[in-house]
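Please read the structure below before turning to the comments.
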Amino acid sequence: MTAFLGGLMQFFIPSHLLAVVALGLFAGQHAQRFPHAALGAFAIGLIAGSLMVASAIRQNPAALGLLMLAVAAASLVVLAWDVSNWLVGVMSFATGSALPLNAPPHEITIANAVAAQAGLAVAAIAIVALVMVIAMRATRPWQRIGVRIAGSWIAASAILVLALRLAR
Amino acid sequence: MRRRAIRTTPTPNPSPAKGRSRPSSTGYGGGELTAFVATILLLLSTPAFAHTGETAGGFLSGLAHPVFGPDHVVAMVAVGLWGAFLGPPAIWLLPIVFPLVMAAGGVLGILGVPLPAVETGIASSAIVLGLMVALAARPPLWVAAVLVGAFAIFHGYAHGKELPDGANAVAFSAGFVIATGLLHLTGIAFGLLARWPAGRLAVRGAGAAIALIGVAYLGGYV
């Protein structure tokens, strides 16, 4: 249980939240009904990322990848373009797989490591689903503008940190 | 250079002393007025710490960063005021354009690309945007967006120079971007008063006040 909660808490770091909230806004912005496919791709991505961590892929550019995905998703939210479901699915999968890679478990036993990854996955799925629902239900003009403004904030934050990481 | 040097001095601003001498010399003396002026000057002096060149981390630090720089605050509020004054689509376009272009300015600051007269640009943004509101200027939307975007470069550059390294960078940048956005929303909320004649006067008055604050910063009076 402790390992599960530890994994759950490991999700709540700013770069994870930026990427996941951007994805949720992006997937929910144009959805007429709940985007099950996007959530499914995100969950499959989480599993794939966990398997990659289990394969001892420790040194990876997941931190940069998450920021790039946040910039891409948030920029698309700002532009409010109609995009193909394939793009939503691919970005969901990519974000899902980058999360475990950016937060490998530090547990000694395999059971605890799995529990930690499960905690991370539960938190990530809950947050992305919540944001998807919020963005989907934002149908009034001012609500849709609010979604785009939130997208611009995420894009701006992620661009700055991305530049910082690449420059220093 | 002179203003930069003043801003980097982490000591109490001597402005209150100026405030004490002024009332007596003008004949408006009296302890209350002196205290009032001193308090105002003291409050205005805190933003001298806004661009110290030092870095700090964390969401709250980022959130506080623009708030403790009145030159930033008034310019951000002016963006919201002007957006509300111009109405749709400027009311939402300007607050979206600003953070994105500000991020571009931040990238220049992070990369160390030299940008002259950053503090002058920030003070000028308050003057120009304040005047736009005060004069009820209604240029084409693209002109408004370019103007706001151009000033956003200076604000972003100043923030980018002070972005901390490490894990806190994300939280810090998210904090100051959100604070900037909330200041825009404050301006928009106040600017919506322009629907009524009296409110329109209040909004234009606020624009004039913002421009005056910008002049004070540009002249190095605060």
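The values are calculated or read from the model by the stated rules, or taken from the named source; none is laboratory data. Here the structure is a predicted model, which means the values were calculated and not measured. Methodologically, a virtual Cβ is constructed for each residue, glycine included, from the backbone with ideal geometry; neighbour enumeration extends over all protein chains shown.
Checking the conditions here, which among B:122, B:110, B:127 is touching a Lys or Arg at 6+ places or on another chain (Cβ under 8 Å) and assigned by TED's automatic domain parsing to the domain that holds residue B:211?
Result: B:110 is the single residue among B:122, B:110, B:127 that is touching a Lys or Arg at 6+ places or on another chain (Cβ under 8 Å) and assigned by TED's automatic domain parsing to the domain that holds residue B:211.
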With respect to the numbered conditions (1) assigned to a helix (DSSP H, G or I); (2) within 12 Å of chain A (Cβ to nearest Cβ); (3) of a type in the set (A, V, I, L, M, F, W, C), which one is the sole condition not fulfilled by residue B:127? (2)
Starting from residues that are touching a residue at least 40 places away in the same chain (Cβ under 8 Å) and within 11 Å of the chain's Cα centre (by Cα), keep the ones in segment A:50-67 and report whichever is nearest to the other protein chains (Cβ to nearest Cβ). A:67
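Do we find a residue being farther than 22 Å from residue B:59 by Cβ, assigned to a loop (DSSP other than H, G, I, E, B), away from every other protein chain (no Cβ under 14 Å) and at pLDDT below 95 anywhere in segment A:42-49?
Taking segment A:42-49 and keeping what is farther than 22 Å from residue B:59 by Cβ, we get A:42-49.
Restricting the remaining residues to those that are assigned to a loop (DSSP other than H, G, I, E, B) gives none.
Looking for residues that are farther than 22 Å from residue B:59 by Cβ, assigned to a loop (DSSP other than H, G, I, E, B), away from every other protein chain (no Cβ under 14 Å) and at pLDDT below 95, one finds none in segment A:42-49, hence no.
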Test result for residue B:62, part of a helix (DSSP H, G or I), in contact with a Gly (Cβ under 6 Å, 6 or more places away or on another chain), within 14 Å of another protein chain (Cβ to nearest Cβ) and small (Gly, Ala, Ser): yes
What do you reckon, is residue A:139 part of a helix (DSSP H, G or I), of a type in the set (S, T, N, Q) and either away from chain B (no Cβ under 14 Å) or buried (at least 22 other Cβ atoms within 10 Å of the Cβ) (or both)? no
Taking the criterion of being under 15 Å from the mean Cα position of the chain (by Cα) and surrounded by fewer than 17 Cβ atoms within 10 Å (Cβ to Cβ), would at least one residue in segment B:198-208 satisfy it? yes
Enumeration of residues in segment B:106-124 that are in a loop (DSSP other than H, G, I, E, B) and either within 20 Å of the chain's Cα centre (by Cα) or surrounded by 13 or more Cβ atoms within 10 Å (Cβ to Cβ) (or both): B:115, B:116, B:117
Subset of segment A:104-124 (residues that are touching a Phe, Trp or Tyr at 6+ places or on another chain (Cβ under 7 Å) and closer than 25 Å to residue A:25 by Cβ): A:119, A:120, A:123, A:124
Within segment A:5-20, considering residues that are surrounded by fewer than 18 Cβ atoms within 10 Å (Cβ to Cβ) and more than 14 Å from chain B (Cβ to nearest Cβ), the one nearest to residue A:68 (Cα to Cα): A:9
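Can you find a residue in segment A:156-164 that is without any contact (Cβ under 8 Å) to a residue 60 or more places away in the chain and more than 14 Å from chain B (Cβ to nearest Cβ)?
No: segment A:156-164 contains no residue that is without any contact (Cβ under 8 Å) to a residue 60 or more places away in the chain and more than 14 Å from chain B (Cβ to nearest Cβ).
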Cβ-Cβ under 8 Å, sequence separation 6+ or interchain: first residue in segment A:119-139 and over 18 Å from residue A:15 (Cβ atoms), partner charged (D, E, K, R) and in a helix (DSSP H, G or I). Which pairs? A:138/A:144
Residue check: is residue B:210 within 14 Å of chain A (Cβ to nearest Cβ), out of contact with any Lys or Arg (no Cβ under 6 Å at 6 or more places or on another chain) and not polar (S, T, N, Q)? no
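This table checks each residue for (1) surrounded by 17 or more Cβ atoms within 10 Å (Cβ to Cβ); (2) not in a helix (DSSP H, G or I); (3) not aliphatic (A, V, I, L, M).
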{"position": "B:151", "(1), (2), (3)": "yes, no, yes"}
{"position": "B:171", "(1), (2), (3)": "yes, no, no"}
{"position": "B:194", "(1), (2), (3)": "yes, no, no"}
{"position": "B:222", "(1), (2), (3)": "yes, yes, no"}
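On the basis of being under 29 Å from residue B:219 (Cβ atoms), part of a helix (DSSP H, G or I) and touching a residue at least 12 places away in the same chain (Cβ under 8 Å), does residue B:185 make the cut?
For residue B:185, the condition - under 29 Å from residue B:219 (Cβ atoms), part of a helix (DSSP H, G or I) and touching a residue at least 12 places away in the same chain (Cβ under 8 Å) - is not met.
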Collect the residues in segment B:109-146 that are under 25 Å from residue B:173 (Cα atoms), of a type in the set (A, V, I, L, M) and in contact with a helix residue (DSSP H, G or I) (Cβ under 7 Å, 6 or more places away or on another chain), keeping them in residue-number order. B:110, B:111, B:115, B:118, B:122, B:123, B:126, B:129, B:145
At the interface with chain B (Cβ under 7 Å from one of its Cβ atoms), out of contact with any helix residue (DSSP H, G or I) (no Cβ under 6 Å at 6 or more places or on another chain) and within 30 Å of residue B:156 (Cβ to Cβ), is that true of residue A:148? no
Within segment A:21-64, residues surrounded by fewer than 18 Cβ atoms within 10 Å (Cβ to Cβ) and not aliphatic (A, V, I, L, M) come out as A:30, A:32, A:33, A:34, A:36, A:40, A:55, A:58, A:59, A:60, A:61
